[in-house]
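Below is one structure, written out as structure tokens; the observations come after it.
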Amino acid sequence: MIIRKAKPEDAEVIAICMMLAMEDFVFQFIGENSTKKGTEFLELLISKKANQYSFENCWVAENDGEVIAAANIYDGTKLIELRAPVAKAIKSMFDIDFNPEDETQPGEFYIDCVGVNPSQQGQGIGSKIFQFLIDEYVYNRNKTIGLLVDKDNPNAKKLYLKLGFQVMGEKTLTGKKLEHLQFSHSKEFKN
């Protein structure tokens, strides 16, 4: 397995992986429970530059030339600027005003989602992607990374804590309370 920066031509498979990880949020964004419409919406944004979900902010895991997982991560300092094209697309495609709470902030690179193809789940691919992101952003770039985890997903939280993330507090996104976790050099040895 290799992990590489995404390309525009990866948009379709990245959208499928991202929907696995954030379907409920996408349904909230577009105002309907349509996997097809949600995937098409994400694919459009992933294929373009300068937005939260752009291929520029994605990494993919590839096995034998096939993309099997994707991660979306971006600089929290740029949230407002990266979110504007997303809001514009939602307004244009679904006639909905998009103005959710801020899921990240300056000072962290935000892991928006990591999605693994269902046929590849349970093989440690998600853990490998998270370890790659920790190595790339925390150790190579000396940045803090953050993410949100649903309180109803204790297995995910357990994985993040095992990897070295620490609970920083709570955030709300689309009205849902989530736990905010971060990983940085200064926090890596605390328990």
Say we look at the range 166-190 and pick out the residues that are closer than 11 Å to residue 138 by Cβ and either among the charged types (D, E, K, R) or touching a helix residue (DSSP H, G or I) at 6+ places or on another chain (Cβ under 8 Å) (or both); which of these is modelled with the lowest pLDDT? 188
How many of the residues in the range 36-69 are closer than 17 Å to residue 114 by Cα and in a helix (DSSP H, G or I)? 9
Positions within the range 115-124 being small (Gly, Ala, Ser), exposed (fewer than 14 other Cβ atoms within 10 Å of the Cβ) and either assigned to a helix (DSSP H, G or I) or touching a residue at least 60 places away in the same chain (Cβ under 8 Å) (or both), in sequence order: 119
Restricted to the range 62-114 and to residues being on the phi > 0 side of the Ramachandran plot and among the charged types (D, E, K, R), the residue surrounded by the fewest Cβ atoms within 10 Å (Cβ to Cβ) is 64
Restricted to the range 1-35 and to residues being among the polar types (S, T, N, Q) and in a helix (DSSP H, G or I), the residue farthest from residue 174 (Cα to Cα) is 35
Output the number of residues of the range 125-166 satisfying the condition of being outside any helix (DSSP H, G or I) and under 15 Å from residue 185 (Cα atoms). 9
Hey, could you check the range 103-114 for residues that are in contact (Cβ under 8 Å) with a residue 60 or more places away in the chain and over 8 Å from the mean Cα position of the chain (by Cα) and say which is nearest to residue 174 (Cα to Cα)? 103
Looking only at the range 125-164, count every residue that is surrounded by 15 or more Cβ atoms within 10 Å (Cβ to Cβ), basic (Lys, Arg) and over 21 Å from residue 22 (Cβ atoms) and tell me the total. 1
Say we look at the range 1-47 and pick out the residues that are crowded, with 19+ Cβ neighbours inside 10 Å and free of Cβ contacts under 8 Å to residues at least 24 places away in the same chain; which of these is nearest to residue 83 (Cα to Cα)? 26
Looking at this structure, is residue 111 touching a strand residue (DSSP E or B) at 6+ places or on another chain (Cβ under 8 Å) and more than 19 Å from residue 56 (Cβ to Cβ)? no
List pairs: first residue in the range 163-180 and free of Cβ contacts under 8 Å to residues at least 24 places away in the same chain, second residue surrounded by 17 or more Cβ atoms within 10 Å (Cβ to Cβ) and charged (D, E, K, R) anywhere in the structure, Cβ distance under 7 angstrom, at least six positions apart or on different chains. 167/179; 170/179
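The values are calculated or read from the model by the stated rules, or taken from the named source; none is laboratory data. Worth saying up front: this structure is predicted, and the values here are computed from it rather than measured. FYI the Cβ positions are ideal-geometry reconstructions off the backbone, even for glycines, and counts take in every protein chain you see.
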